[in-house]
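Below: the structure, in structure tokens.
The values are calculated or read from the model by the stated rules, or taken from the named source; none is laboratory data. In this text, all values refer to a predicted model and were calculated from it rather than measured experimentally. Neighbour counts are summed over all protein chains in view; Cβ atoms, including those assigned to glycine, are modelled from backbone coordinates with ideal geometry. Please note that ligands, DNA and RNA were not included when accessible areas were found on the heavy atoms of the full protein model with its side chains. Shrake-Rupley method; radii C 1.70, N 1.55, O 1.52, S 1.80 Å.
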Amino acid sequence: MEIIIGRESGSQQPRLQISCDGKKYYLGTPGSVNMKVSRQHCKLDVKSDGTIVSITDITDNNYMYVNGKEFKAKKGVTFADVIELGPEKYRLDVAAVVKTVIGTPTYHIAPLRDVYDNYQKELMDMQIKQGKFGAISSLPMILSMGSGVLVTVVPGINPAVRTTLIIIAVSLMIIFICLRMKTASSNPQKRKELDDNFHKNYVCPNPGCKHFFGSMRPDELLTNKTCPWCKSKLVE
């Protein structure tokens, strides 16, 4: 589907004009589009589900910017990208353009609930493991203190027993120091991998948006009913 975007023709107070399949649509209030935007400035190639295939500057005299850089054509544009037209950089609301022509797409977030729940579960598991490891790490100190108490309370204790306890305590202490060093280097990497995977998958299901939902829980998304960025309808 090809959508032509430009300034409203025949008006001194132009709005944004959108043309598709012989139909014309208008966005904005009168005068909201500056005269530096051409009547046919750029075109969007869009799939039926609202995914943007590409955006193209129609003529050589126009200016089109994507995220601050000038382009004549750009593939893989999403609703999160900043599109600006003309030398005065009119900000184009791509999501509103696509919604006007195609309507509001609906997407199911059931898969996102699994992504969110799995992420929270793995975070909890990491915290529990760290807590258990911390508790076990105190064992060498307990043994050292215990041997000291035995020496005090039972003066005639076999020196071999006392020496054995001390050796066990020192050995365990060395082992746990090594384990702590290993954990200290591996845990941040595991957390980073977990967070990176979450950022990659906990995103708007609209292929043209893919914006990260951050700390918003699935129930919050259903309460809001729409994606905060592309305004797609979200259902269970």
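Quick grid of which residues meet (1) in a loop (DSSP other than H, G, I, E, B); (2) within 27 Å of the chain's Cα centre (by Cα); (3) buried (at least 20 other Cβ atoms within 10 Å of the Cβ):
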site: 9; (1), (2), (3): yes, no, no
site: 35; (1), (2), (3): yes, no, no
site: 38; (1), (2), (3): yes, no, no
site: 54; (1), (2), (3): no, yes, no
site: 59; (1), (2), (3): yes, no, no
site: 79; (1), (2), (3): yes, yes, yes
site: 91; (1), (2), (3): no, yes, no
site: 96; (1), (2), (3): no, yes, no
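Scanning region 40-52 for residues that are within 22 Å of the chain's Cα centre (by Cα) and either within 13 Å of residue 73 (Cβ to Cβ) or part of a strand (DSSP E or B) (or both) yields one hit, 52.
For residue 69, indicate whether it is buried (at least 17 other Cβ atoms within 10 Å of the Cβ) and among the charged types (D, E, K, R). For residue 69, the condition - buried (at least 17 other Cβ atoms within 10 Å of the Cβ) and among the charged types (D, E, K, R) - is not met.
The listed residues are 115, 101, and the only one of them that is assigned to a helix (DSSP H, G or I), surrounded by 12 or more Cβ atoms within 10 Å (Cβ to Cβ) and touching a Cys at 6+ places or on another chain (Cβ under 9 Å) turns out to be 101. Within region 185-226, being open to solvent by less than 70 Å² (accessible area, probe 1.4 Å), part of a helix (DSSP H, G or I) and at pLDDT below 80 holds for 186, 187.
For region 107-129, a residue qualifies if it is more than 15 Å from the chain's Cα centre (by Cα) and hydroxyl-bearing (Ser, Thr, Tyr), and exactly one does: 107.
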